[in-house]
């Protein structure tokens, strides 16, 4: 179908007028009225929110954002933080490579940029953990530079506005081109947030509220009745299932046997229970050596958890250890220093299953 969309400036004006009234209130956002009055966003808070929001919902991020910025209010504070403290605060938010890159990026900003995020898209791209999307978001939202932000919400809006049926991810170049054509030179930061808000609150994945949309008239998918079906996506492959064994032990004085996982790999740098590798197998797991000599008891039931690329099933074995019990891996954490909330979700699930045994 021929693209009947009006001039970009007309679309921009309609969207920004809507945003000025309906902008979501976010702890990291400068509202449009304050921005017009000259209040500038804090690049540190913009960056922090964008990293946290990757693969995560706004509702899940808000409490983490408040805790992080209260404990480390500036990028210099975060750069000086202990790795374990940051990983502990991140526990439960998932995708733990983000937390490691958060520290690396903060330290790079302090070491290479004097503690100030660079107001330069190319320089932002060189910082650890900042890819094209995050660099564009920081450049536009924090510095009001004309860079196009394309997240899942914007992809959905563009696909519907132009009635694009090519499935994702193949459609990404076309959707980016459409989004770039609409990105204005005036108020690009507000525009970036506006189009994301439009997708998050009006042009939603299911049951879009087309009657409330400032772009309802030019939207081709609304006119053709195809909006609920867009964007199309290539079917995902089924996820494999991996298996492993986790060992949970408590010493006579109440200390727990834990270990810090290697920096690289899944859950890298996080605190967790000693255990086996997670392997693809439909047969019995191979014999394994526990982290301490003890009378290990296998629990009935298992931990079930799903990561991005696979399902995980963990057997749990528990033991009570003598005060002087030798260990072959891991370290003890005193009872008063142990916080289950510092564990990543899968490790906390294991603890919840085993805690009644102690």
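Can you tell me how many residues within the range 41-68 are closer than 22 Å to residue 119 by Cα and free of Cβ contacts under 8 Å to residues at least 40 places away in the same chain? Residues in the range 41-68 being closer than 22 Å to residue 119 by Cα and free of Cβ contacts under 8 Å to residues at least 40 places away in the same chain: 3 in total. For the range 337-358, a tally of residues being loosely packed, with under 12 Cβ neighbours inside 10 Å and touching a residue at least 24 places away in the same chain (Cβ under 8 Å) returns 2. Determine whether residue 241 is in contact with a helix residue (DSSP H, G or I) (Cβ under 7 Å, 6 or more places away or on another chain) and either closer than 23 Å to residue 311 by Cβ or loosely packed, with under 14 Cβ neighbours inside 10 Å (or both). In short, no.
Of all positions in the range 74-86, at least one carries a residue that is touching a residue at least 40 places away in the same chain (Cβ under 8 Å) and within 16 Å of residue 267 (Cα to Cα).
Selection over the range 1-24 of residues that are in a loop (DSSP other than H, G, I, E, B) and closer than 17 Å to residue 192 by Cβ gives a count of 2.
Pick out, from the range 48-90, the helices (runs of 4 or more DSSP H) lying fully within it that include 3 or more residues that are closer than 30 Å to residue 201 by Cα. The qualifying helices (runs of 4 or more DSSP H) are 58-71.
Of the residues making up the range 101-111, none is touching a helix residue (DSSP H, G or I) at 6+ places or on another chain (Cβ under 9 Å) and in contact (Cβ under 8 Å) with a residue 60 or more places away in the chain. Checked against (1) at pLDDT below 95; (2) surrounded by 13 or more Cβ atoms within 10 Å (Cβ to Cβ); (3) outside the structural domain of residue 325 (by TED's automatic domain parsing), residue 221 meets all criteria but (1).
The values are calculated or read from the model by the stated rules, or taken from the named source; none is laboratory data. This one's a predicted model, so the numbers in the text were calculated from it and none came from an experiment. Using ideal geometry, Cβ is built from the backbone for each residue, glycine included, and neighbour counts are taken over all protein chains shown.
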